[in-house]
Amino acid sequence: MAAGGFCKLPNGSVVVALNLPSPAAEGSAAVRVLVLAQNRARALTRLRNLGLRAVYLRGNAAPPTPDEITAVLHHPDGLIWRTAPDNGVVIVGELWHPIRSLLRRPPTPGRQPAAGPVVS
C-alpha cells in the first residue's frame, strides 16, 4: 500500500487521503483518493463498498493537504480522486473527479447495449 493519511475536522468528521493503484489503468499509474466520512472506518468502508477491496490505512504518512480538504468538503459526494503526484509534484490544472468516473468500465468492443422494451 502506498502513502495515506487522515485529518480530523472540527465538526468530528474525518478526511482520509489514500494513494492507490488505479483500477482503470495498467502499469504504475496511481491515483489520490479523498473520502469524507464520520470516522476512518466508515471512510474505508465507503471505498470497499465501491469495489476497492484491499484498502487499508496504516499510519498517517501522507495526510490530506488543506487544499485537498477544501476540495472534498465542496464535493456533494465527499468522494473524489485525481492522478497521484509523482515526487510530490501535482500536475498543474488537473481537476478533482467524482469517484464514479474512475470506477466506470469502458464498453466492451462489439457489444451493444441491451435494448429496452418496444413501445408502440
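Listed values, structure above:
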quantity	calculated
FRET efficiency, 1/(1 + (r/R0)^6) with R0 22 Å, evaluated for Ala29 and Trp96 via beta carbons	0.85
Ascending count of other beta-carbon atoms within 10 Å, so fewest first, for Glu68, Glu94	Glu94, Glu68
FRET efficiency, 1/(1 + (r/R0)^6) with R0 30 Å, evaluated for Arg48 and Leu73 via beta carbons	0.85
Sequence of Ile80, Ile69 once ranked by neighbouring C-beta atoms within 10 Å, starting from the fewest	Ile69, Ile80
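Values in this text are rule-based calculations from the coordinates and carry no lab data. Quantities reported herein were computed from a predicted structural model and do not represent experimental measurements. Don't worry about glycine lacking a Cβ; one is built from the backbone with ideal geometry, like all the others, and counts go over all protein chains shown.
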